[in-house]
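For reference, the structure discussed in these notes is given below.
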């Protein structure tokens, strides 16, 4: 009898760790998955010379290389397969997946080409289809999903058209049309819920191909028109994209996109904050949140940046991230975001044991004592993070690195960069935050 009870307990614990089966939101909740920044490096291989492990290390010695990757390299295919294999049995019939870009590795331009980038995007698309043949995937184009990287133009091109062809099984004709023309699209997920995939690379600082136009590819006009139409139809909207709005949490005074475009996007998102119920991004490779405030200081939008599958870091960076992927739980009535179930792979452990044991890293409402992840709840969290050595901030920063190194501390300027990026997305408010460091201590 004792053995039977023990086996039952183990089974229950495994089920709880697998998917949100015991949460307060079960029974009247809906879900979707988010995976981002796969960055497949086909050259990855374990060899006696650590400088030859992968092209993406750019000659730096990947001394920690193992079968599932290395922290100075982009993803081997085995790592990506392990992530998909973990997700596969957990995906339910009504789930969908968002995939926010970046299939190619971080390598110099001469190691890639337009054809090579399209082939890498095709490989990743086929991997999604293999593991999730009956699940709709909503992709976004990343800054590496082009050759040369970052230089996505404001008009149709070979890669936009290739993406439209590759993703034809997931998207409707009208979505495919704007994707092929400008790299963005809108599609109804279900009655009442629309998803907008915004091509934020058109606003990315290193992108010199778009010139100085105020509305590259007419995307601002399209965005406002689409959001206005959703409001008239009483739809709610999820925004997805690769590069997020707001300020980077690891660099002072640096917006992820050009400052003028950041301000314009925030203006649009504030205007339609009663329509938009969540924004979801990738690009930074780290795990973070932001809350958009209106000009009266009211929290009006929840924004989430998902950590990457790739574990790569630059040789000079003090920390990286373990590979991650996540599940969102949302309210099927008003489409507000209720929770995150964040999964990760301890890369060092996986390489040592030569097997990939993906596991639950945290459930966000439980980790921070929140009732949900609606804007007011994220504002509450952001205010708690303002205490530098609080348990909330220590937990937040540990998750920011996806459990990479619990001994690494974030204090002083590091802490200030983090909290100001969570709470203040526009230039004036952010500048006031970082200029008054002593007031927050």
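The values are calculated or read from the model by the stated rules, or taken from the named source; none is laboratory data. Because the structure is predicted, anything quoted here is derived from the model rather than measured. All Cβ positions, even for glycine, are placed from backbone atoms using ideal geometry, and neighbour counts span all protein chains on display.
A few points about this structure:
- Selection within the stretch 203-217 - touching a residue at least 60 places away in the same chain (Cβ under 8 Å) and under 15 Å from residue 142 (Cα atoms): 203, 204, 206, 207
- Subset of the stretch 214-260 [closer than 20 Å to residue 182 by Cβ, touching a strand residue (DSSP E or B) at 6+ places or on another chain (Cβ under 6 Å) and not in a helix (DSSP H, G or I)]: 237, 238, 239, 240, 241, 244
- Every listed requirement among (1) assigned to a helix (DSSP H, G or I); (2) within 20 Å of the chain's Cα centre (by Cα) is met by residue 425 save one, (1).
- Scanning the stretch 266-307 for residues that are part of a loop (DSSP other than H, G, I, E, B) and in contact with a strand residue (DSSP E or B) (Cβ under 6 Å, 6 or more places away or on another chain) yields a count of 6.
- Subset of the stretch 87-124 that is under 18 Å from the mean Cα position of the chain (by Cα) and part of a helix (DSSP H, G or I) - its residue that is farthest from residue 170 (Cα to Cα): 87
- Applying the condition of being in a strand (DSSP E or B) and out of contact with any helix residue (DSSP H, G or I) (no Cβ under 8 Å at 6 or more places or on another chain) to the stretch 318-340 and asking which residue is farthest from residue 395 (Cα to Cα) yields 330.
- Residue count for the stretch 190-213, restricted to those that are assigned to a loop (DSSP other than H, G, I, E, B) and more than 11 Å from residue 261 (Cβ to Cβ): 8.
- Test: residue in the stretch 261-282 that is surrounded by fewer than 22 Cβ atoms within 10 Å (Cβ to Cβ), at pLDDT below 95 and farther than 16 Å from residue 150 by Cα: no
- Scoring residue 178 on the criteria (1) exposed (fewer than 15 other Cβ atoms within 10 Å of the Cβ); (2) closer than 21 Å to residue 280 by Cα leaves a single failure, condition (1).
- Residue tally, condition in contact (Cβ under 8 Å) with a residue 40 or more places away in the chain and surrounded by fewer than 19 Cβ atoms within 10 Å (Cβ to Cβ), over the stretch 154-165: 2
- Filtering the stretch 56-85 to residues that are over 15 Å from residue 36 (Cβ atoms) and assigned to a helix (DSSP H, G or I) leaves 56, 57, 77, 78, 81, 82, 85.
- Qualifying positions in the stretch 378-407 - in a loop (DSSP other than H, G, I, E, B) and out of contact with any helix residue (DSSP H, G or I) (no Cβ under 8 Å at 6 or more places or on another chain): 389, 401, 402, 403, 404, 405, 407
Condition check ((1) touching a residue at least 60 places away in the same chain (Cβ under 8 Å); (2) closer than 19 Å to residue 303 by Cα; (3) loosely packed, with under 15 Cβ neighbours inside 10 Å) across all residues:
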{"site": "345", "(1), (2), (3)": "yes, no, no"}
{"site": "361", "(1), (2), (3)": "no, no, no"}
{"site": "380", "(1), (2), (3)": "no, yes, no"}
{"site": "393", "(1), (2), (3)": "no, yes, no"}
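- Filter result for residue 263 (within 23 Å of residue 306 (Cα to Cα), touching a helix residue (DSSP H, G or I) at 6+ places or on another chain (Cβ under 7 Å) and part of a helix (DSSP H, G or I)): yes
- The set of residues from the stretch 45-55 being touching a strand residue (DSSP E or B) at 6+ places or on another chain (Cβ under 9 Å) and under 14 Å from residue 105 (Cβ atoms) comprises just one member, 54.
- Residue match in the stretch 300-315 (condition: in contact with a helix residue (DSSP H, G or I) (Cβ under 7 Å, 6 or more places away or on another chain), free of Cβ contacts under 8 Å to residues at least 60 places away in the same chain and farther than 23 Å from residue 144 by Cα): no
- Taking each residue of the stretch 60-79 that is on the phi > 0 side of the Ramachandran plot and at pLDDT 95 or above and looking for partners that are surrounded by 24 or more Cβ atoms within 10 Å (Cβ to Cβ) and assigned to a strand (DSSP E or B) with beta-carbon atoms closer than 7 Å, six or more apart or interchain, yields 69/75.
- Exactly one residue out of 388, 375 is modelled with pLDDT of 95 or more and either surrounded by 17 or more Cβ atoms within 10 Å (Cβ to Cβ) or closer than 28 Å to residue 190 by Cβ (or both): that is 375.
- If you go through the stretch 408-420 and keep only what is surrounded by 18 or more Cβ atoms within 10 Å (Cβ to Cβ) and not in a helix (DSSP H, G or I), you end up with just 410.
- Given (1) in a helix (DSSP H, G or I); (2) surrounded by fewer than 21 Cβ atoms within 10 Å (Cβ to Cβ); (3) more than 19 Å from the chain's Cα centre (by Cα), index of the condition residue 127 fails: (3)
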